[in-house]
Amino acid sequence: MADEELNPASSPCLYLFSAFLAMEPSDSLIELARVCDEGSVSERVQRFIWSHCISKVEGKFHAPYLKNFLKKLISEAEKNCCSVLDEIYEQYAFYMTSLKDEVSMGETKRVNKCISFLFPDGYPKWRKLLIQLQCSLNMLEGDTGCSVWPSSLYLSECILSYPELFCNKSCFEVGSGVGLVGITLSHVKASEVLLSDGDVLTLANMKVNLELNQLNQNKVKCIHLPWESATKEQLQSFKPDIILAADVIYDPVCLPHLVRVVATLLNHTKKSYSEEEEVNNCQGSSMGETQGNLGLWRKGPVALIASVIRTIDTFNYFLELVDKANLSITDITQTLKPVNLLSYMKSYNRSSISLFIVSSK
C-alpha cells in the first residue's frame, strides 16, 4: 500500500490540486497535503505534488510562488523525518539559483490563477468548474481592479448554487474587476451578460480573462463605465433584469456615484416573471432550497450586492444614500445561502460577507 500512488480523484487530492492552482498560501497547501496521506507529507504525497502539480505548470506558473511552496514542503518533510524526492530538491535548487529577489525585480506582473468550483457528489451536471483568471497579487497597491476579491467568489457561488434565478435573465455587473462573476453568469446561461468597469486597464485584463475561458464579446460584453461620468441616458439604455456588484462598498467618495448608477439602472419598467415561468425556462435544479427565493425577482429589476463590511460608518453612509435615492435594501445573507463550492480555499472567509438585495420602493 505504501508504494501505491495517491488517487488524484479523491477529495483530499482534488482539494490540494485545486488550492495549488488557486495559489493559496503555502501553509494552507501543506495543511491539505497532510490530509492526503495520514498526516504527513510522505513520498507518496510528494510524488502526487510533483506529477500532478509542479510538472504540469512548470514554466507557466508564478515562479516565486512555486519557490516558496517548495521551501515549505521540504521543511515540513524534513521536520517529520520524511525523505524528500530528488526532483523536488533539484527544482528548489534551480529556483534558488535562477530567481532574483522579488523586491529587486519589482514584481508587479499579472499571474494566472485557476478557481475550481467543486460541486457535491450527485449534482447532475458538473463535478468541477475551472475558471482561469489573469490577476494581480498586489490587491492593496493600486491594482485592486485586477485582484480576486472575496465577495466576487461569494457572488459566484450564489450564481452557481441557484442557477434558475439567473438563467434567461439580462445581467449587468458594476465594477466587474477580473470578470469572475460574469463568467459564472455565462455558465448558468444568463440571456445577456454585461460587465463594466471604470478603469481601462482593468477592462483590458477582463477581456483577456474572457478569452482564457473561451468567451467572446457576443456572449459576454465589456463596457467602460466610470460611475462619476455615466449619463442617465446611457444607463437607461441597458435595462437589466439583475444588477450585480461585489465588494464595491468601501470608498465613501465613490458611494454617491455608485448609488446613482444603481438607482438609474433599477428605475425602469421590466416584465415580471412568475415562478412557474422561471422554472420552465431553466434546465436543472439548484443545490439549495429555492422556494421562496424566486419571489425576490418577481417585482422587476433588482440589484444583488455582496460585500465585506469593513467600516461601519462607510456602510451606514451607503444606507443613507440608498434611502435618499428612494431604494429599499434587504439583507438576504441568511435567505440565499450558497453551497460551499470552495472548501479547499482556506484564505476565503465566507462568514465575513453579507448579501443584500436592492430594489426601487
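Every read-out reported here was derived from the displayed coordinates using simple, explicitly stated rules and does not represent laboratory data. Because the structure is predicted, anything quoted here is derived from the model rather than measured. Please note: Cβ atoms are built from the backbone with ideal geometry, for glycine as well, and neighbour counts cover all protein chains shown.
Data overview
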{"quantity": "Gained length - Thr231 relative to Asn218, 0.36 nm times residue gap less alpha-carbon distance", "calculated": "2.3 nm"}
{"quantity": "Inter-label distance, nm, simple model (7 Å from Cα along the C-beta direction), Asn349/Ile329", "calculated": "2.1"}
{"quantity": "Restraint check, Lys219/Lys239; Lys113/Lys207; Lys71/Lys128, Cα-Cα greater than 24 Å", "calculated": "Lys71/Lys128"}
{"quantity": "Computed lengthening from Glu90 to Glu320, 0.36 nm per intervening residue step minus Cα-Cα distance", "calculated": "76.9 nm"}
{"quantity": "Pair Asn7, Thr311: separation of 7 Å Cα→Cβ label points (nm)", "calculated": "5.1"}
{"quantity": "Distribution of pairwise C-alpha distances over the stretch 1-81, 10 Å bins, in %", "calculated": "18, 59, 22, 1"}
{"quantity": "Taking the stretch 127-250 and dividing mean pair separation by its residue count, relative contact order in percent (alpha carbons under 8 Å, at least six apart)", "calculated": "29"}
